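Here's the structure we're looking at; comments come further down.
The values are calculated or read from the model by the stated rules, or taken from the named source; none is laboratory data. None of the values given here were measured: they were computed from a predicted structure. Please note: Cβ atoms are built from the backbone with ideal geometry, for glycine as well, and neighbour counts cover all protein chains shown. Side chains are part of the model used for accessible areas, which takes the heavy atoms of the whole protein and leaves out ligands, DNA and RNA. Shrake-Rupley method; radii C 1.70, N 1.55, O 1.52, S 1.80 Å.
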Amino acid sequence: MPTLLAIETSCDETAAAVLQGFGDVLAHEIFSQAEIHSEFGGVVPEVASRNHLVSAPTIINLVLEKAGVQIGDLDAVAATTGPGLAAALLVGAATAKGLCIGAGKPFLAINHIEGHLLSPFFGYEKIPSHTAMVVSGGHTLLLDVEGFGSYRLLGRTLDDAAGEAFDKVAKLLGLGYPGGIEIDRLSRSGNPARFDFPRGMIDSGDLDFSFSGLKTAVRIFLEKHGAPTAADLPDICASFQAAVTDVLLSKLFKAARQNNRRRLSLSGGVSANSSLRSRAIHRAADEGLEIHFPPPGLLTDNALMIAFAAAHHLAAGHLDPIETEITPNFNPDALLRSA
Ligand code: KG4
Ligand code: ZN
């Protein structure tokens, strides 16, 4: 079974993992910079890149040591090459390439979205056909998946990503960064039906999304009513969260129906949302559908999902030239071609 080292530095997590085969986790570590960036109210690319430069060698040594593996034992080294912040991606990609050159190992350039997309099937040697929703801080995508490497884009956000909406609304509410988890926590004691926020594009007839109108609606609401009282805050959070969740679930289940899929997946940081998860699980059970989420620890950015995608590429005989560029912007064609 091949042993892979994967490095993930697309945003503000420096992560590394050593994976054997498709699911034997030898080591996996994440150094989050969230605290550093929270001071700025969001991720500052140059700060992220400088911190990756400091953390990458340490975390790589740590996972190799924990895995009991030497660089010479590896079959390949993989890195996320996009989409993400250019300055951040460069650190992980350059580090991986340096290891490949130094140790004479093959290089694998992995698409971050493909990492999230496959993560609900971590450990699987064969990716089953399904309808997939990737909901992260940077992306909101619906895809039809026939199997590994066979992806069809069904819909995407036309403006903000779902996680971005969570983070921006959290900022408006003074909850700090990243705000998704805080909104989730406060919503548990809130009334989701108290405020009627817009469900953008819920009846658009297609599978695209728009969350900027919802964010604006919350901003206008706060301008009108002033800073929320401690008593109102959970209701505002829960009402906002219900609006996002209604749209995501409506389109996910519609996409599955349209494509005759009996199996669904949800991945990316927002798939950690407790309300989204429980509503998705209930609805899937009601409709007799199978639903998959990433295992704990693989919801937000991590290197294990990159290693898993890399393991599939390696098994399919794919390797990437050492000259491979980074691709900071999301390009659906690159994802669809990536396998
Ligand atoms: O997948 P991820 O780690 O990074 C990207 O690739 O963008 O996702 C991060 C996003 C952030 O926007 C964060 O606020 C959101 O996931 N998030 C959540 C929750 N946990 C993380 N959003 C809602 N509820 C949560 N529990
Ligand atoms: Zn991500």
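Remarks
- Residue ID - modelled with the highest pLDDT, chosen from residues in the stretch 37-51 that are closer than 17 Å to Ala93 by Cα and polar (S, T, N, Q): Ser49
- Positions within the stretch 202-254 being among the aromatic types (Phe, Trp, Tyr), closer than 15 Å to Ala170 by Cβ and open to solvent by less than 20 Å² (accessible area, probe 1.4 Å), in sequence order: Phe211, Phe240
- Checked against (1) open to solvent by 10 Å² or more (accessible area, probe 1.4 Å); (2) touching a residue at least 12 places away in the same chain (Cβ under 8 Å), Ile113 passes all but condition (1).
- Among residues of the stretch 263-297, those that are assigned to a loop (DSSP other than H, G, I, E, B) and crowded, with 22+ Cβ neighbours inside 10 Å, counted: 3
- Only residues that are in contact with a Ser or Thr (Cβ under 6 Å, 6 or more places away or on another chain) and away from ligand 2 (no atom under 16 Å from the Cβ) were counted in the stretch 154-186, giving 4.
- Checked against (1) touching a Lys or Arg at 6+ places or on another chain (Cβ under 8 Å); (2) assigned by TED's automatic domain parsing to the domain that holds Ile7, Leu90 passes all but a single condition, namely (1).
- Residue among Val25, Val18 that alone is assigned to a strand (DSSP E or B), out of contact with any Cys (no Cβ under 7 Å at 6 or more places or on another chain) and open to solvent by less than 10 Å² (accessible area, probe 1.4 Å): Val18
- Residues being more than 11 Å from ligand 1 (Cβ to nearest atom) and not in a loop (DSSP other than H, G, I, E, B) - total across the stretch 124-140: 4
- Scanning the stretch 75-86 for residues that are of a type in the set (Gly, Ala, Ser) and open to solvent by less than 40 Å² (accessible area, probe 1.4 Å) gives Ala76, Ala78, Ala79, Gly82, Gly84.
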